[in-house]
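**Student:** A single structure is presented below for examination.
The values are calculated or read from the model by the stated rules, or taken from the named source; none is laboratory data. Values in this document were obtained by computation on a predicted structure and should not be read as measured data. Glycine also receives a Cβ, built like all others from the backbone with ideal geometry; neighbour counts cover every protein chain displayed. Surface accessibility is based on the protein's heavy atoms, side chains included, excluding ligands, DNA and RNA. Shrake-Rupley method; radii C 1.70, N 1.55, O 1.52, S 1.80 Å.
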Amino acid sequence: MVALVATALYAALRDWHTGKLQVTDFSANTYLDVYQGHVNTFSHIRINRNAAFHVMMTDIYSQASDTSGSPQLKSSAASGVSIAALDLDQLEQ
(Lines give C-alpha, C1' and ligand atoms only; values in the text may rest on other atoms or scores of the structure.)
Protein backbone atom coordinates (compact mmCIF):
# COMPACT_ATOMS: atom_id res chain seq x y z
CA MET A 1 0.00 0.00 0.00
CA VAL A 2 2.82 2.42 0.86
CA ALA A 3 4.48 1.68 -2.49
CA LEU A 4 1.27 2.60 -4.31
CA VAL A 5 0.94 5.86 -2.37
CA ALA A 6 4.60 6.68 -3.06
CA THR A 7 3.97 6.03 -6.76
CA ALA A 8 0.89 8.26 -6.76
CA LEU A 9 2.89 11.05 -5.11
CA TYR A 10 5.65 10.60 -7.68
CA ALA A 11 3.07 10.85 -10.47
CA ALA A 12 1.52 13.99 -8.98
CA LEU A 13 4.92 15.66 -8.66
CA ARG A 14 5.86 14.51 -12.17
CA ASP A 15 2.77 16.28 -13.52
CA TRP A 16 4.37 19.54 -12.31
CA HIS A 17 7.98 18.85 -13.37
CA THR A 18 7.97 21.68 -15.93
CA GLY A 19 6.54 24.18 -13.45
CA LYS A 20 3.15 23.97 -15.12
CA LEU A 21 0.55 21.27 -14.63
CA GLN A 22 0.71 18.65 -17.38
CA VAL A 23 -1.67 15.89 -16.33
CA THR A 24 -0.64 12.39 -17.33
CA ASP A 25 -2.58 9.17 -17.13
CA PHE A 26 -1.99 7.36 -13.83
CA SER A 27 -1.96 3.83 -15.17
CA ALA A 28 -0.01 0.62 -14.73
CA ASN A 29 1.45 1.05 -18.20
CA THR A 30 2.86 4.44 -17.26
CA TYR A 31 4.04 3.89 -13.68
CA LEU A 32 4.66 0.14 -13.26
CA ASP A 33 8.45 0.58 -13.18
CA VAL A 34 8.21 3.31 -10.53
CA TYR A 35 5.83 1.20 -8.42
CA GLN A 36 8.05 -1.88 -8.74
CA GLY A 37 11.05 0.22 -7.72
CA HIS A 38 9.24 1.26 -4.53
CA VAL A 39 8.20 -2.35 -3.83
CA ASN A 40 11.80 -3.50 -4.31
CA THR A 41 13.14 -0.76 -2.05
CA PHE A 42 10.70 -1.60 0.75
CA SER A 43 11.36 -5.32 0.34
CA HIS A 44 15.11 -4.75 0.51
CA ILE A 45 14.76 -2.70 3.69
CA ARG A 46 12.40 -5.26 5.26
CA ILE A 47 14.71 -8.19 4.46
CA ASN A 48 18.01 -6.51 5.35
CA ARG A 49 16.98 -4.11 8.12
CA ASN A 50 13.77 -5.52 9.59
CA ALA A 51 13.78 -3.39 12.75
CA ALA A 52 14.33 -0.20 10.73
CA PHE A 53 11.55 -1.23 8.34
CA HIS A 54 9.08 -1.63 11.20
CA VAL A 55 10.07 1.70 12.75
CA MET A 56 9.59 3.40 9.37
CA MET A 57 6.20 1.75 8.76
CA THR A 58 5.02 2.55 12.29
CA ASP A 59 6.03 6.17 11.84
CA ILE A 60 4.26 6.42 8.48
CA TYR A 61 1.12 4.83 9.96
CA SER A 62 1.19 7.13 13.00
CA GLN A 63 1.50 10.24 10.87
CA ALA A 64 -1.11 9.11 8.35
CA SER A 65 -3.63 8.29 11.08
CA ASP A 66 -3.09 11.53 13.02
CA THR A 67 -6.49 13.24 13.17
CA SER A 68 -5.37 16.34 15.06
CA GLY A 69 -5.27 18.36 11.84
CA SER A 70 -1.64 19.38 12.32
CA PRO A 71 0.64 16.48 11.40
CA GLN A 72 4.14 16.71 12.76
CA LEU A 73 7.11 15.97 10.54
CA LYS A 74 8.94 13.43 12.66
CA SER A 75 10.43 10.96 10.21
CA SER A 76 13.09 11.09 7.54
CA ALA A 77 10.46 10.06 4.99
CA ALA A 78 8.39 13.14 5.80
CA SER A 79 11.33 15.52 5.53
CA GLY A 80 11.57 15.11 1.77
CA VAL A 81 14.45 12.66 1.40
CA SER A 82 14.23 9.69 -0.88
CA ILE A 83 13.21 6.44 0.79
CA ALA A 84 16.26 4.82 -0.75
CA ALA A 85 18.51 7.41 0.93
CA LEU A 86 17.21 6.90 4.48
CA ASP A 87 19.75 6.57 7.27
CA LEU A 88 18.40 3.26 8.53
CA ASP A 89 20.88 3.08 11.40
CA GLN A 90 19.19 6.10 12.93
CA LEU A 91 15.78 4.36 12.83
CA GLU A 92 16.90 1.40 14.95
CA GLN A 93 16.61 3.05 18.35
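**Student:** Any idea which residue in segment 39-65 is modelled with the lowest pLDDT, counting only those that are surrounded by fewer than 12 Cβ atoms within 10 Å (Cβ to Cβ) and over 19 Å from THR7 (Cα atoms)?
**Tutor:** This residue is SER65.
**Student:** Within segment 39-46, can one find any residue that is in contact with a helix residue (DSSP H, G or I) (Cβ under 7 Å, 6 or more places away or on another chain) and either among the small types (Gly, Ala, Ser) or free of Cβ contacts under 8 Å to residues at least 12 places away in the same chain (or both)?
**Tutor:** Restricting attention to segment 39-46, the residues satisfying the condition of being in contact with a helix residue (DSSP H, G or I) (Cβ under 7 Å, 6 or more places away or on another chain) are 39, 41-42, 45-46.
The next check asks that each one be either among the small types (Gly, Ala, Ser) or free of Cβ contacts under 8 Å to residues at least 12 places away in the same chain (or both); those that pass are 46.
Yes - at least one qualifying residue is present in segment 39-46.
**Student:** Which of the residues that make up segment 29-43 are under 14 Å from the mean Cα position of the chain (by Cα) and more than 11 Å from ALA11 (Cα to Cα)?
**Tutor:** The initial filter retains those residues of segment 29-43 that are under 14 Å from the mean Cα position of the chain (by Cα), namely 34-43.
Of everything in segment 29-43, those that are under 14 Å from the mean Cα position of the chain (by Cα) and more than 11 Å from ALA11 (Cα to Cα) turn out to be GLN36, GLY37, HIS38, VAL39, ASN40, THR41, PHE42, SER43.
Matching residues to (1) in contact (Cβ under 8 Å) with a residue 40 or more places away in the chain; (2) open to solvent by less than 40 Å² (accessible area, probe 1.4 Å); (3) under 28 Å from THR58 (Cβ atoms):
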residue	(1), (2), (3)
LEU9	no, no, yes
ALA12	no, no, yes
THR18	no, no, no
ASP25	no, no, no
GLY37	no, yes, yes
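**Student:** Turning to a different aspect of this structure: Inspect all residues belonging to segment 16-28 and state whether any of them is over 17 Å from the mean Cα position of the chain (by Cα) and not in a loop (DSSP other than H, G, I, E, B).
**Tutor:** yes
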